[in-house]
1. I'd like to verify a number: residues in the stretch 120-143 that are under 18 Å from L84 (Cα atoms) and in a strand (DSSP E or B), how many?
2. Every residue in the stretch 120-157 that is of a type in the set (S, T, N, Q) and surrounded by 13 or more Cβ atoms within 10 Å (Cβ to Cβ), please.
3. Just to verify a result, which residue in the stretch 2-51, among those that are exposed (fewer than 14 other Cβ atoms within 10 Å of the Cβ) and in contact with a strand residue (DSSP E or B) (Cβ under 6 Å, 6 or more places away or on another chain), is farthest from K93 (Cα to Cα)?
4. One residue is enough: does the stretch 77-87 have a residue meeting the conditions within 15 Å of the chain's Cα centre (by Cα), crowded, with 22+ Cβ neighbours inside 10 Å and in contact (Cβ under 8 Å) with a residue 40 or more places away in the chain?
5. Please determine, by comparing only the residues of the stretch 45-71 that are more than 15 Å from the chain's Cα centre (by Cα) and in a loop (DSSP other than H, G, I, E, B), which one is farthest from N98 (Cα to Cα).
6. Need pairs with beta-carbon distance below 8 Å; first residue closer than 21 Å to D67 by Cβ and within the stretch 1-14, second surrounded by fewer than 11 Cβ atoms within 10 Å (Cβ to Cβ); sequence gap 6+ or separate chains.
7. When you scan the stretch 102-119, do you find a residue that is assigned to a strand (DSSP E or B), out of contact with any His (no Cβ under 7 Å at 6 or more places or on another chain) and surrounded by 16 or more Cβ atoms within 10 Å (Cβ to Cβ), even just one?
8. Which is farther than 22 Å from H158 by Cα and in contact with a helix residue (DSSP H, G or I) (Cβ under 9 Å, 6 or more places away or on another chain), of K93, K88, K43?
Amino acid sequence: MLEFKKVVTPEEIRETSDLAREIWNQHFICILSQDQIDYMVDKFQSPEAISAQIDEEGYQYYNFVLDGEKIGYFAICEKPDNTLFLSKLYIKKAFRGNGYARQAFEFIKDIARKNGNTMIWLTVNIHNNAVPIYEKMGMKRIRSEITEIGHGYVMDDHIYGFEL
């Protein structure tokens, strides 16, 4: 049975960071260089980065837990404009294609509705094969943008939204 368990303790944060490194190396190697993957994981998904996002920016991280095994994670953050930012949604390669992302999105929609948010939005690399999955879940492309993230790297993303 799939559950979504909130990440709270330092150990859970470290495990989520380890999970991020594993999944990013499985998923992004065909889109980004190994150097950029390493840089982005260290910058955005290290235990220190995750802790700061939770403690200072209001992020909530959740692990996908299937029969006791952590198979993925997502992060959300309420924004001042009354929207919910879906910052991350990643699943281990062996578990993709089983409807778990859709289950997570339903869980996230429930949170957004309880919060009274008007929209769920996310950024996704323009070459990411998850784009059709987000579209199938009813998300619409709002715009595209390129964001400098340091070390000479950029994120070349589409912004997708789901109105509630």
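Taken together, the values in this text are just the output of simple stated rules run on the coordinates, not laboratory data. Values in this document were obtained by computation on a predicted structure and should not be read as measured data. Every residue, glycine among them, receives a Cβ derived from its backbone with ideal geometry; neighbour counts consider all protein chains shown.
1. Filtering the stretch 120-143 down to residues under 18 Å from L84 (Cα atoms) leaves 120-124, 134-135, 137-143.
If we keep only those that are in a strand (DSSP E or B) as well, we get 120-124, 140-143.
Of the residues in that region, 9 qualify.
2. We begin by selecting, within the stretch 120-157, every residue of a type in the set (S, T, N, Q); these are 123, 125, 128-129, 144, 147.
Once the filter is applied, which keeps residues that are of a type in the set (S, T, N, Q) and surrounded by 13 or more Cβ atoms within 10 Å (Cβ to Cβ), the stretch 120-157 yields T123, N125, N128.
3. It comes out as K6.
4. Kept after step one, since they are within 15 Å of the chain's Cα centre (by Cα), are these residues of the stretch 77-87: 77-78, 84-87.
So of that shortlist, the ones also crowded, with 22+ Cβ neighbours inside 10 Å come out as 84, 86.
Cutting the leftovers down to in contact (Cβ under 8 Å) with a residue 40 or more places away in the chain gives us none.
No: zero hits.
5. Of everything passing the filter in the stretch 45-71, G68 is farthest from N98 (Cα to Cα).
6. Filtered contacts from the stretch 1-14: M1/D67.
7. Taking the stretch 102-119 first, the residues assigned to a strand (DSSP E or B) are 119.
If we keep only those that are out of contact with any His (no Cβ under 7 Å at 6 or more places or on another chain) as well, we get 119.
Among the residues that remain, those that are also surrounded by 16 or more Cβ atoms within 10 Å (Cβ to Cβ) are: 119.
Yes: the stretch 102-119 contains one or more residues that are assigned to a strand (DSSP E or B), out of contact with any His (no Cβ under 7 Å at 6 or more places or on another chain) and surrounded by 16 or more Cβ atoms within 10 Å (Cβ to Cβ).
8. On the way: K88 fails: farther than 22 Å from H158 by Cα; K43 fails: farther than 22 Å from H158 by Cα.
Answer to the selection: K93.
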